[in-house]
1. Filter region 14-54 down to residues that are surrounded by 10 or more Cβ atoms within 10 Å (Cβ to Cβ) and not in a strand (DSSP E or B) and give me whichever is modelled with the lowest pLDDT.
2. Arg203 passes all but one of (1) basic (Lys, Arg); (2) outside the structural domain of Ile124 (by TED's automatic domain parsing); (3) not in a loop (DSSP other than H, G, I, E, B); which number fails?
3. From Val249, Val215, Val211, grab the single residue that is closer than 30 Å to Tyr270 by Cα, in contact with a strand residue (DSSP E or B) (Cβ under 7 Å, 6 or more places away or on another chain) and not basic (Lys, Arg).
4. Against the condition in a helix (DSSP H, G or I), under 14 Å from Ala323 (Cα atoms) and not aliphatic (A, V, I, L, M), how does Lys225 come out, does it pass?
5. Could you identify the single residue in Lys343, Lys316, Lys351 that is at pLDDT below 85 and either part of a helix (DSSP H, G or I) or assigned by TED's automatic domain parsing to the domain that holds Val215 (or both)?
6. Identify the residue in region 230-282 that is within 20 Å of Tyr109 (Cα to Cα) and of a type in the set (D, E, K, R) and, among all such residues, is surrounded by the most Cβ atoms within 10 Å (Cβ to Cβ).
7. Could you grab me the full set of residues in region 321-342 that are under 12 Å from Arg237 (Cβ atoms) and of a type outside the set (A, V, I, L, M, F, W, C)?
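The values are calculated or read from the model by the stated rules, or taken from the named source; none is laboratory data. Remember, predicted model here, so these are calculated numbers, not experimental data. Every residue, glycine among them, receives a Cβ derived from its backbone with ideal geometry; neighbour counts consider all protein chains shown.
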Amino acid sequence: MKVHLRQRQQTKNGKISLYLELYNGATSTKEGKTKPIRKYEYLDLYLISKPKTPIDKQHNKDIMELAKNIKAKRELEIKNGEFGFTSNFKTKGDFLEYFKHQLKKKEQYKGSYGIWKATYKHLIDYNGNKLLFKEIDNVFCEGFINYLSNEAKMANNQNLIPSTVKCYYTKFKACLNQAVKDKIIYSNPCNNITINNRYQHKREYLTLEEVKKIVKTECSYKELKKAFLFSCLTGLRWSDIEKLKWSEVQKTDNGYKIIFHQQKTNGLQYLDISQQAREYLGKEGMQQQNVFTNLKYSILVNKALSKWMNDAGINKKITFHCARHTFAVLQITMGTDIYTLSKLLGHTAIKTTEIYADIIDEKKREAVNRIPDINI
């Protein structure tokens, strides 16, 4: 397919209209004649037919330069396209249908599937049941971030926390990246928008003294208490603890090890656990039996967890995931290096783990400033 930049005189206003002619070969008619296959794209750009002043001449020069850039872009899009269609044609497709198709591929990954499904729901809530690829630009992306941050709600009718906002937006961005790979769009508009710094939030965790407090405090949901403390000692996520089976817990010459596939990434993880962590698992059961048999997520979990913390005298907003943060912070406090901690947490990127080092640095700054003014 070839692209030609054409001009057409506009008799009513005396201007010259610029448009692209997309030539895609020729075909034969029933009469045996050759008929060229052409498509036209009007650019809504106009030249002054008889420029007289320097301003008019500069206008024509600028318009022609813009038209040539559009022509070059179309040529590149056609080169990268499939089946003879241009990206201009593909961008008229429904992004939500495409997202739904990508969602289907995630069904085997339960943790990831839930996040993709929630993102799909929020896209519909934000924009309705239809969204064309060509409607997604920087303004749309910024608007979706603002919606997730200020309007979207969780099941308990509370606003999304910053990490959830980032998580949903990341899935939206990932789908657009796939669309670029599939040559539906030329580039991802999300690439020009940074969400990390604007929506970074404080990662809540328990100190060693606070962990000792909750150990001594009764919890109405006994299985929850065991699982939470096990997470504090291992860094395992709720999703991995909930599905943990006895076949994945193995005795070794040096202690105990858990071999499992992470629910979030499906990556195989080999995790050594301490003797005290093993004690929270209780008596060994059948190989295919869940270790935590009475652990089910519901609103009761959050209520029981909140009451447990309050009874222990801890005035922090603690979720189950804070146990994982607690493990990470305790490890760094005890001298574990970032690389080892990254492996223990199952992170795929070291920069994810470095966030915990920043927490420790903040605590160090707080510590040095506790010394009162010696000049008073």
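1. This residue is Gly14.
2. (3)
3. Testing whether each residue is closer than 30 Å to Tyr270 by Cα, in contact with a strand residue (DSSP E or B) (Cβ under 7 Å, 6 or more places away or on another chain) and not basic (Lys, Arg) leaves just Val249.
4. yes
5. Lys351
6. Asp240
7. Once the filter is applied, which keeps residues that are under 12 Å from Arg237 (Cβ atoms) and of a type outside the set (A, V, I, L, M, F, W, C), region 321-342 yields His321, Arg324, His325.
To keep it simple, each residue is scored yes or no on (1) touching a residue at least 12 places away in the same chain (Cβ under 8 Å); (2) more than 20 Å from Arg203 (Cα to Cα); (3) small (Gly, Ala, Ser).
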position: Thr234; (1), (2), (3): yes, no, no
position: Asn266; (1), (2), (3): yes, yes, no
position: Ala304; (1), (2), (3): yes, yes, yes
position: Lys317; (1), (2), (3): yes, no, no
position: Arg324; (1), (2), (3): yes, no, no
